[in-house]
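Chemist: Before anything else, here's the structure in question.
The values are calculated or read from the model by the stated rules, or taken from the named source; none is laboratory data. Being a predicted model, the structure only gives us computed values, none of them experimental. Don't worry about glycine lacking a Cβ; one is built from the backbone with ideal geometry, like all the others, and counts go over all protein chains shown. With ligands, DNA and RNA removed, areas are computed over all heavy atoms of the protein, side chains included. Shrake-Rupley method; radii C 1.70, N 1.55, O 1.52, S 1.80 Å.
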Amino acid sequence: MICVKVNGRQETLPENYTIAQLLSQKELDASYVVVQLNFEIIDRSLLSETTLNEGDQLEVVKFLGGG
Amino acid sequence: MSKDLLAIGNSLIASRLFLGTGKIPLPKMKQVIEAAGTQVVTVALRRVDFDQPEENILDFIPDGAIIMPNTSGARTAAEAIRLAHIARAGGCGNWVKIEVIPDQKYLLPDNFETLKATEQLVKDGFTVLAYMSPDLIVAKSLEAVGAAAVMPLGAPIGTNRGLKMKELINIIIEECHVPVIVDAGIGRPSHAAEAMEMGASAVLLNTAIATADDSVAMALAFRLAVESGRIAYLAGMCGETSYARASSPLTGFLD
């Protein structure tokens, strides 16, 4: 198992877990969010081949109402 | 009347009412946007809250609308630049409303950081609309670095106080070549009409529509006001005089 920070919260995940797997575990549609891994934007096409590593910091953001 | 379109970036826009989507309940969103006749809507970026799954705002915005993410939350140019790039990765095009706000009491923008962020984001290929405190020198500088539009505030965000900065906005309208969009502070349709009569290219509204008792009806009221003010501006308004000028003939058959 590995420890990863997801939106500021520590999560324990299996090894070789991909970002796409994490999003689907959270029931999030990847086409609605933008993911940053250690402050780098990860292109949507790469979410299913990008695996998480111990100590990674993940930010998952989305659009919402704003002026 | 021939088509009066507003050119921003590579787009030609018929509606001069831009709409912020904050505080509008999602189920009402489409109706409000349609009543306003809006073609440009702003959205913000936030962390996903995994504990409170919510629907996606993009599903409630009509197809064909230009989505303009803002950089709200940014306190420095660097943060605004980062947010703009994240927003673009969200796949809604390359428009961005730069707002850099270090002041939480009045939510006044930092013009210097806004200028820095604008310069960089234009180089990065964004269509940048810059929210700013109305200052001619800053507006000209934003124009010089490639801003697609400048957006001076009428009054602080959400205050509904109208065009408190009218004189300064007037100068910017007179001197700038890029579109001037009055953003923030507009609380009533008459304020929006006033901005358009002055020659503003468009207005950006949010609170005044979103928090009205009937936001759909208010969206329509603002749409009519914006159209009315724009038509009056194009028609050429009469100047004011100190003394009366008769509008009926005074020729005297009573003499």
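Chemist: Exactly which chymotrypsin sites (Phe, Trp or Tyr not before Pro) in region B:206-252 are in a DSSP loop and have at most 14 other Cβ atoms within 10 Å?
Modeler: B:Y243
Chemist: How high is the relative contact order of region B:176-218? Use alpha-carbon pairs under 8 Å, at least six apart in sequence, and give a whole percent.
Modeler: 40 percent
Chemist: Same structure again: In square angstrom and rounded to 100, what buried accessible area do you get between chains A and B, total over both, with the probe at 1.4 Å?
Modeler: Using a 1.4 Å probe, the pair buries roughly 2400 Å².
Chemist: Largest first, what is the accessible-area ranking of A:S24, B:S247 with a 1.4 Å probe?
Modeler: Highest to lowest solvent-accessible surface, that is B:S247, A:S24.
Chemist: Find the accessible area per residue for region B:6-235; the probe is 1.4 Å, ligands and nucleic acids are left out, and the unit is Å².
Modeler: Ligands and nucleic acids excluded, the result is 41 Å² per residue.
Chemist: Turning to a different aspect of this structure: Taking a probe of 1.4 angstrom, what is the accessible area of B:T127 in Å², to the nearest 10?
Modeler: About 20 Å², ignoring ligands and nucleic acids.
Chemist: Let me ask something else. Out of B:A89, B:F50, B:A65, whose Cα points farthest toward the positive end of the dipole of region B:38-156 (charges: +1 Lys, Arg; -1 Asp, Glu; placed on Cβ)?
Modeler: Comparing the listed Cα positions along the dipole, B:A89 ranks first.
Chemist: Rounded to the nearest 10 Å², what accessible area does B:C238 show when all protein chains are kept and the probe is 1.4 Å?
Modeler: Surface accessible to solvent at B:C238 totals approximately 120 Å².
Chemist: Another one. What percentage of the solvent-accessible surface of the protein assembly as shown, computed with a 1.4 Å probe over protein heavy atoms, is contributed by carbon and sulfur atoms?
Modeler: 51 percent
Chemist: What is the angle, in °, between the Cα long axis of helix B:166-175 and the longest principal axis of the Cα atoms in chain B? Nearest 10 is fine, range 0 to 90.
Modeler: The two axes meet at around 80 degrees.
Chemist: Which net charge results when you count Lys and Arg as +1 and Asp and Glu as -1 among the other residues whose beta-carbon is under 15 Å from that of B:M68?
Modeler: +1
Chemist: Same structure, new question: What is the local net charge at B:P102, summed over the other residues whose Cβ is closer than 9 Å to its Cβ (Lys, Arg +1; Asp, Glu -1)?
Modeler: -2
Chemist: Over chain B, what is the relative contact order in percent, taking alpha-carbon pairs closer than 8 angstrom and at least six residues apart?
Modeler: It comes to 17 percent, rounded to a whole number.
Chemist: Here is a follow-up. Inside 10 Å of the C-beta atoms of B:42-52, what's the mean count of C-beta atoms belonging to other chains?
Modeler: 6
Chemist: Continuing with the same structure: Given +1 on the Cβ of Lys and Arg, -1 on the Cβ of Asp and Glu, and no further charges, what dipole in debye does chain B carry about its Cα centre, rounded to the nearest 20?
Modeler: Rounded to the nearest 20 debye, it is 120 debye.
Chemist: Just flag the GluC sites (Glu not before Pro) in region B:76-155 sitting in loop per DSSP whose Cβ has no more than 10 other Cβ atoms within 10 Å.
Modeler: none
Chemist: Evaluate the distance, in nm, between pseudo-label points positioned 7 Å from the Cα of A:E40 and of B:K140 along their respective Cα→Cβ axes.
Modeler: 4.4 nm
Chemist: Starting at the first residue of region B:35-42, write each ³J(HN,Hα) from the Karplus equation 6.51 cos²θ - 1.76 cosθ + 1.60 with θ = phi - 60°, in whole Hz, x for Gly and Pro.
Modeler: Couplings: 5, 6, x, 5, 10, 10, 10, 9 Hz.
Chemist: Of A:V61, A:T51, A:S24, which is farthest on the positive side of the dipole of chain A, counting Cα position, with +1 on Lys and Arg Cβ, -1 on Asp and Glu Cβ, and the Cα centre as origin?
Modeler: Value computed over the given set: A:V61.
Chemist: Further question: Give the accessible area for B:D110 in Å² (nearest 10); use a 1.4 Å probe, count only protein heavy atoms, and leave out ligands, DNA and RNA.
Modeler: 40 Å²
Chemist: Report the local net charge at B:E34: Lys and Arg +1, Asp and Glu -1, summed over other residues whose C-beta lies under 11 Å from its C-beta.
Modeler: +3
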